[in-house]
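One structure below.
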Amino acid sequence: MLMHSKMDLVLLLRLLVSIASIALLGTSCNGGQLSESTTLLNFIRAVDPENVLRIERNRLMPDPCSYKWKGIKCNSGGTTVIAIRLLNLNLTGILDVESLCSLPNLEVLSLSGNSIKGTISEAISKCESLIYLDLSRNSLSGSVPTALTKLKNLERLDISQNQFMGRVTTFGSSKRSFLCLKNARITQDLKENGEYSSAIQENVPRKALSESSPDAKSHKNWGLWIILGLGIVILLLVLLFVIIRALKRAREKAASAISSSKNPPIKAADEVQPQERKSELVFFVEPEEMFKLEDLLEATTGLKMEGLCSSLYIVQLENDAIFAVKRLKKLRVSFEVFDQTMRKIGNLKHPNILPLVAFHSTNEEKLLIYKYQRNESLLTLFENYIEGKRNFPWKPRLSIAAGIVEGLNFIYHRPANDEIIPHGNIKLSNILLNDEEEPLISEYGYSKFFDPSRDCLYKSKGHTAPEKSLTEKSDVFSFGVILLELLTGKIVENNGIDLPRWVKSMVREEWTVEVFDKEVAEIEMYAIPLLNVALKCVSHRPRKRPTIAEVREKIAEVVSAVEDLSPSSVASSEFSQLDRLSIPSVTPET
């Protein structure tokens, strides 16, 4: 047994010496630049046949690292090309993938915004060093090559806005997966929490950013000698450690040989790997409206919105049915709790709450499926009104406000044994409009599963209550902001306006009439009670805000008064109507 250990030790020493020789040889070699330059020129000739880059192609090829070509980046030693960025240059050629993948250390390729034609060859799988690949906004065609899935180092991929054909395909494994969508952006995120580093967000891989300043080349030789010296010291230490450990193991094996024959070791049980848990599609519609998950994956799909914690896709099945599919990430909820909650939400039926068609759940992500609303959202309606593309008179505004408060009242007035789930994200873009332009509250039921420390929750600061909590009074605040938007014609979402503060300042200066939008100013006698309600809803202190039921009652009084009033008596009965409704003076709440 000792002889075997000595033989193993001799073999190990030979292996270490070989490794040291290879390392020494590697540090003394700087070859390959001529071959790499020629390869790069072949790629440039193919992608830029009209010589937009104005590179002299008839003379001896200059070293791209020392010559500093436009869009070409080399490593800190100036020995190899690591990045090619040729964006928005009107390049009209094709992709020479064979030449491209002959650049052994290429990490970044960005050709976005050109007119590059042809296909992506399956030989792209040979570009093993690629970390970032952006071929978006070109004229590439054919099918998306499956070879892209073999690029194990790839962290970001964008081939959107091309002319690729074919069905939607799902690639990946449990650790690396991404969804390939027809003519949509394809991204691959290797991190559990979905965050990219600042380097990735700026379309630059971390390794490329870590390169040193341009004068690093002058210190190349000193760096090589230092690395070589450190390598030799480390090699000697490792060698000494290996020798001591080998002798110790030999003694232990000799001592345990006798006891092992009498007491054979017990084999450890194999580790049980956690299995991927997933549900089939759980439907809340009639059987004839159901479909399979495969139908969803094979459908025509377009990316409508992509955020940090969710994405929205518009999906059209082969039977022309159109659905909105919400893909949720980073939820803090177990598989079982999410399943139970969404079954409760799916069984809730109210004319002012967007019904859930189905959901699908796995350990990593959740899919929520709704019927697509062609009129989109209240935000879309407002934007079209502001741009002069359509009218938005007083009565539809009042009807929408009444519909929203009816839906919220249904949420908060459940039977005694039912759990009340606050909404937590009431805003214009989450109020959809059906074919009759009646409001539908969307994105209900899952806000409580988002991490409150992240931007997934309370993202719309203009509609979020100061206390940032999931309660009825917080939803009252959000509805109050929407009511102010309907009265003033000003949009909070995406504009950063503190609308409650502006309205309160106008009222305090007794410019109340100036607050109202032109479509609302004509019926001021009905707008004033609603303004009073809205100001109470956006009170800074939750205890001063009314309940949803109280808000519903006040809005119902205004709706009833409007319905009872004939068009011919609007002007003559203004003061009598004010007396009948007992409208108080408008006072801003703080």
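Going by what's in this entry, would Asn105 be described as over 27 Å from Leu328 (Cα atoms) and either assigned to a loop (DSSP other than H, G, I, E, B) or at pLDDT 90 or above (or both)? Here the answer is yes, as Asn105 does meet what is asked.
So how many residues does segment 417-441 have that are farther than 15 Å from Lys344 by Cα and either of a type in the set (Gly, Ala, Ser) or in contact with a Lys or Arg (Cβ under 6 Å, 6 or more places away or on another chain) (or both)?
So the first thing to find is which residues in segment 417-441 are farther than 15 Å from Lys344 by Cα, and the list is 424-441.
Of the ones still in play, those that are also either of a type in the set (Gly, Ala, Ser) or in contact with a Lys or Arg (Cβ under 6 Å, 6 or more places away or on another chain) (or both) are 424, 429.
Qualifying residue count for the region: 2.
One residue stands out in segment 20-76 among those that are part of a loop (DSSP other than H, G, I, E, B), at pLDDT 85 or above and of a type in the set (D, E, K, R): the one that is farthest from Lys117 (Cα to Cα), namely Glu50. For segment 413-451, a tally of residues being touching a residue at least 24 places away in the same chain (Cβ under 8 Å), farther than 20 Å from Thr471 by Cβ and acidic (Asp, Glu) returns 3. Identify the residue in segment 435-477 that is aromatic (Phe, Trp, Tyr) and modelled with pLDDT of 85 or more and, among all such residues, is surrounded by the fewest Cβ atoms within 10 Å (Cβ to Cβ). Within segment 435-477, the match that is surrounded by the fewest Cβ atoms within 10 Å (Cβ to Cβ) is Phe449.
Scanning segment 351-392 for residues that are crowded, with 20+ Cβ neighbours inside 10 Å and polar (S, T, N, Q) yields Asn352, Ser361, Ser377.
Rundown of residues vs (1) assigned by TED's automatic domain parsing to the domain that holds Arg552; (2) more than 30 Å from the chain's Cα centre (by Cα); (3) farther than 25 Å from Val562 by Cβ, yes/no style:
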site	(1), (2), (3)
Ile426	yes, no, no
Phe450	yes, no, yes
Ser469	yes, no, yes
Gly480	yes, no, no
Thr488	yes, yes, no
Gly496	yes, no, yes
Trp502	yes, yes, yes
Glu510	yes, yes, yes
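The set of residues in segment 337-360 that are among the aliphatic types (A, V, I, L, M) and either assigned to a strand (DSSP E or B) or under 23 Å from Asn375 (Cβ atoms) (or both) comprises Ile345, Leu348, Ile353, Leu354, Leu356, Val357, Ala358. State the number of residues belonging to segment 278-291 that are modelled with pLDDT of 90 or more, out of contact with any strand residue (DSSP E or B) (no Cβ under 6 Å at 6 or more places or on another chain) and surrounded by fewer than 16 Cβ atoms within 10 Å (Cβ to Cβ). The number of residues fulfilling the criteria is 5. Annotation: of all residues in segment 296-336 being in contact (Cβ under 8 Å) with a residue 24 or more places away in the chain and in a helix (DSSP H, G or I), the one that is farthest from Glu419 (Cα to Cα) is Leu297.
Please state which one of Ile94, Ile124 is of a type outside the set (Phe, Trp, Tyr) and crowded, with 18+ Cβ neighbours inside 10 Å. Full working, then the answer.
On the way: Ile94 fails: crowded, with 18+ Cβ neighbours inside 10 Å.
Matching residue, one of Ile94, Ile124: Ile124.
Does Gln340 satisfy the criteria of being surrounded by fewer than 16 Cβ atoms within 10 Å (Cβ to Cβ) and free of Cβ contacts under 8 Å to residues at least 12 places away in the same chain? The answer is yes for Gln340.
Looking across Ala321, Ala254, one residue alone is surrounded by 11 or more Cβ atoms within 10 Å (Cβ to Cβ), of a type in the set (A, V, I, L, M, F, W, C) and either under 28 Å from Tyr412 (Cβ atoms) or modelled with pLDDT under 85 (or both). It is Ala254.
For segment 528-561, which positions are free of Cβ contacts under 8 Å to residues at least 60 places away in the same chain and aliphatic (A, V, I, L, M)? Within segment 528-561, Ile528, Leu531, Val533, Ala534, Leu535, Ala561 meet the criteria. Confirm whether Gly118 is closer than 21 Å to Leu53 by Cβ and touching a strand residue (DSSP E or B) at 6+ places or on another chain (Cβ under 8 Å). So Gly118 passes the test.
Is one or more of the residues making up segment 141-156 within 19 Å of Ile44 (Cβ to Cβ) and either touching an Asp or Glu at 6+ places or on another chain (Cβ under 9 Å) or among the aliphatic types (A, V, I, L, M) (or both)? Break it down into steps so the answer makes sense when it comes.
Step one: filter segment 141-156 for residues within 19 Å of Ile44 (Cβ to Cβ), giving none.
Looking through segment 141-156, none of the residues is within 19 Å of Ile44 (Cβ to Cβ) and either touching an Asp or Glu at 6+ places or on another chain (Cβ under 9 Å) or among the aliphatic types (A, V, I, L, M) (or both).
The values are calculated or read from the model by the stated rules, or taken from the named source; none is laboratory data. This structure is a prediction, so every number in the text was calculated from the model and none was measured. A quick note on method: Cβ atoms are made from the backbone with ideal geometry, for glycine too, and the neighbour counts reach across all protein chains shown.
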